[in-house]
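Trainee: Pasting in a structure now, in structure tokens, and then I'll have a few things to ask.
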Amino acid sequence: MAISYIPEGSPTVTPYLAVKGTAALIDFLKAVFGATEIDRLVLPDGRIMNAAVRIGDSMVMMGDPGDRPPETAMLYVYVPDCDAAYARALAAGATSI
């Protein structure tokens, strides 16, 4: 029996995030993980009030912080080929640390 690349009981994405630069993040998630944009509400000044993308079986919601200070964001994304995802992330502008 093949071992699943997703830990038992875990969804594809387990986010805990607050976002600064939402539009760029959406583009990055599309390029690296094949995210599908579900919704985007844009304010008159161009900031994204709320957006949602789907990655695999998971939804990730985000928005520009407005007057709030931005917070750290992390996404734990389970992929079948981490080397390929890593290469796509670098090609999409990520920095290896």
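Trainee: Looking at segment 42-57 only, could you name the residues that are of a type in the set (Gly, Ala, Ser) and within 24 Å of Val77 (Cα to Cα)? Walk me through it before giving the result.
Mentor: Taking segment 42-57 as the starting set, the residues that turn out to be of a type in the set (Gly, Ala, Ser) are 46, 51-52, 56.
Listed by number, the residues that qualify are Ala51, Ala52, Gly56.
Trainee: Continuing with the same structure: Of the conditions (1) in a loop (DSSP other than H, G, I, E, B); (2) at pLDDT below 90, Thr14 fails just one. Which one is it?
Mentor: Against the list (1) in a loop (DSSP other than H, G, I, E, B); (2) at pLDDT below 90, Thr14 comes up short only on (1).
Trainee: Of the residues in segment 47-83, how many are open to solvent by less than 50 Å² (accessible area, probe 1.4 Å) and at pLDDT 80 or above?
Mentor: 14
Trainee: Just for segment 26-46: of the residues that are of a type in the set (Asp, Glu) and either touching a helix residue (DSSP H, G or I) at 6+ places or on another chain (Cβ under 7 Å) or at pLDDT below 95 (or both), which one is most open to solvent (accessible area, probe 1.4 Å)? Talk me through it step by step, then tell me what you get.
Mentor: Taking segment 26-46 first, the residues of a type in the set (Asp, Glu) are 27, 37, 39, 45.
The next check asks that each one be either touching a helix residue (DSSP H, G or I) at 6+ places or on another chain (Cβ under 7 Å) or at pLDDT below 95 (or both); those that pass are 37, 39, 45.
Working: Glu37: 57, Asp39: 63, Asp45: 100 Å².
Only one residue fits best here, namely Asp45.
Trainee: With respect to Tyr76, determine if the residue is within 26 Å of Ser4 (Cα to Cα) and not in a helix (DSSP H, G or I).
Mentor: Details: within 26 Å of Ser4 (Cα to Cα): yes; not in a helix (DSSP H, G or I): yes.
Yes, satisfied.
Trainee: Another question, if that's okay. Please enumerate the residues belonging to segment 30-51 that are closer than 20 Å to Asp83 by Cα and without any contact (Cβ under 8 Å) to a residue 40 or more places away in the chain.
Mentor: Lys30, Gly34, Ala35
The values are calculated or read from the model by the stated rules, or taken from the named source; none is laboratory data. Quick caveat, the model's predicted, so the values are computed rather than measured. Ideal geometry is used to build each Cβ from the backbone, glycine not excepted, and the neighbour counts take in all protein chains shown. We work out accessible area using only protein heavy atoms, side chains counted, and drop any ligands, DNA or RNA first. Shrake-Rupley method; radii C 1.70, N 1.55, O 1.52, S 1.80 Å.
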